1. The conditions are (1) surrounded by 15 or more Cβ atoms within 10 Å (Cβ to Cβ); (2) over 18 Å from the mean Cα position of the chain (by Cα), and Glu92 fails exactly one of them. Which is it?
2. Go over the candidates Val143, Val129 one by one and state the one that is farther than 15 Å from Gly73 by Cβ, under 14 Å from the mean Cα position of the chain (by Cα) and β-branched (Val, Ile, Thr).
3. Please specify each residue of the stretch 51-72 satisfying the condition of being in contact with a strand residue (DSSP E or B) (Cβ under 8 Å, 6 or more places away or on another chain) and among the hydrophobic types (A, V, I, L, M, F, W, C).
4. Go through the stretch 188-214 and report how many residues are assigned to a loop (DSSP other than H, G, I, E, B), surrounded by 13 or more Cβ atoms within 10 Å (Cβ to Cβ) and of a type outside the set (Val, Ile, Thr).
5. Can you tell me how many residues within the stretch 20-31 are surrounded by 24 or more Cβ atoms within 10 Å (Cβ to Cβ) and either β-branched (Val, Ile, Thr) or touching a Ser or Thr at 6+ places or on another chain (Cβ under 8 Å) (or both)?
6. Hey, among Ala9, Ala43, Ala14, Ala85, which residue is part of a helix (DSSP H, G or I) and either surrounded by fewer than 18 Cβ atoms within 10 Å (Cβ to Cβ) or at pLDDT below 95 (or both)?
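The values are calculated or read from the model by the stated rules, or taken from the named source; none is laboratory data. From a predicted model like this one, the values you see are computed outputs, not experimental measurements. As a convention, Cβ positions derive from the backbone with ideal geometry for all residues, glycine included, and neighbour counts pool all protein chains shown.
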Amino acid sequence: MLFKDRHDAGRHLAMALTEYRHPPTPLILGLPRGGVPVAFEVAQALGGELDVFVVRKLGVPWHPEFAMGAIAGNGVCILHHELIAGLGVTQERLDTLIAHETRELHRREQAYRGQRPRPRIAGRRVIIVDDGLATGATMRAAVEALKEQAPGELIVAIPVAAADSLNEIEATVDRIICLHTPEDFMAVGQWYQRFSQTSDQEVLALLERTLPSH
């Protein structure tokens with residue numbers, strides 16, 4: 001399965017989520033930035049409320065796209081300790097990276113939300129959406145952070161994932177929906193024809209399209 005782009009992946013994913021069109025209205029949380037176009041299509045199809053949940057990947061210093069951990073806004077920090085030790089990443093370098101990504105996380109939260117309040121999580125059906133799952137670090141951080149806010153039901157929905165990472169996440173949520181778990185998974189981008197980086201402007205534009213008009 002090869003998706004044209006993130007919007008195409010979102011439309012395919014929405015078809016696997018049609019049972020959630022019915023009340024209660026789900027809260028669809030996209031993981032910025034790449035998960036937001038996917039989540040937008042899901043929210044449009046389900047009539048759900050779209051918002052973002054900011055999580056930052058802790059990339060290997062010399063290979064930033066490869067996650068060795070992730071952080072979420074409420075202090076949750078997920079680390080792949082064996083990987084970090086195996087790569088020889090020092091504590092000092094790790095601390096510097098966490099501090100840098102924490103600043104970027106706060107910047108993005110302010111940029112995407114402004115004065116808009118955070119959505120209510122407690123007791124709600126929450127669907128977390130990303131464009132794919134490689135190591136699973138960012139999704140694990142998101143899940144752990146959201147569970148602290150006591151959602152009524154927590155669902156992860158993704159177009160494509162590495163099987164091992166998918167299994168790790170599956171044990172921590174109420175349900176996981178994934179369209180494709182290829183055996184030869186190397187990176188999320190290989191399953192998209194177009195996988196250019198999503199900009200802050202695109203995230204904001206998609207969020208504004210779903211806000212109630214005044």
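1. All conditions are met except number (1).
2. On the way: Val143 fails: farther than 15 Å from Gly73 by Cβ.
None of the other options fit; the residue is Val129.
3. The answer is Val52, Phe53, Val54, Val55, Leu58, Val60, Phe66, Ala67, Met68, Ala70, Ile71, Ala72.
4. First, pick out the residues of the stretch 188-214 that are assigned to a loop (DSSP other than H, G, I, E, B): 193-199, 211-214.
Still in the list and also surrounded by 13 or more Cβ atoms within 10 Å (Cβ to Cβ): 195, 198.
Among the residues that remain, those that are also of a type outside the set (Val, Ile, Thr) are: 195.
Residues flagged as assigned to a loop (DSSP other than H, G, I, E, B), surrounded by 13 or more Cβ atoms within 10 Å (Cβ to Cβ) and of a type outside the set (Val, Ile, Thr) within the stretch 188-214 amount to 1.
5. 2
6. On the way: Ala9 fails: either surrounded by fewer than 18 Cβ atoms within 10 Å (Cβ to Cβ) or at pLDDT below 95 (or both); Ala43 fails: either surrounded by fewer than 18 Cβ atoms within 10 Å (Cβ to Cβ) or at pLDDT below 95 (or both); Ala14 fails: either surrounded by fewer than 18 Cβ atoms within 10 Å (Cβ to Cβ) or at pLDDT below 95 (or both).
Of Ala9, Ala43, Ala14, Ala85, the one residue that is part of a helix (DSSP H, G or I) and either surrounded by fewer than 18 Cβ atoms within 10 Å (Cβ to Cβ) or at pLDDT below 95 (or both) is Ala85.
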